[in-house]
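Trainee: First the structure, then my questions, so here it is.
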Amino acid sequence: MVLTVIVFFIGFAMRFVYIPFTATQENIDNILGRVMSIIFLAMNRFNSIAYGIVSGLVAINILLFKQLC
């Protein structure tokens, strides 16, 4: 149950990440390509970190579930 709540809030918080990126795109005109490449790189790097965190949480929950049964 706790894992479900944590994963829900992680997914919910991901929407707030896109708001600054959209604001950056609207305010930058002459170097938009460079800014977008940095944003794309950061988004891809944080995805792998997020996958690691979520898989670790799932593994902990599975271990706790096996101990309770």
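Read the figures in this text as sums done on the coordinates, not as results from a lab. The structure displayed is predicted, hence computed values, not measured ones. Neighbour counts run over all protein chains shown; Cβ positions are idealised from the backbone, glycine included.
Trainee: Using label points projected 7 Å from each Cα along Cα→Cβ, tell me how many nm separate LEU57 and ALA23, to one decimal.
Mentor: 2.5
Trainee: While we're here: Please give the helix 2-27 orientation as an angle from the longest Cα principal axis of the chain, in degrees from 0 to 90, rounded to the nearest 10.
Mentor: Its long axis makes an angle of about 0 degrees.
Trainee: While we're looking at this one, here's another question. Return one number: the angle in degrees, 0 to 90 and rounded to the nearest 10, between the long axis of the Cα atoms of helix 32-68 and the longest principal axis of the Cα atoms of the chain.
Mentor: That works out to roughly 0 degrees.
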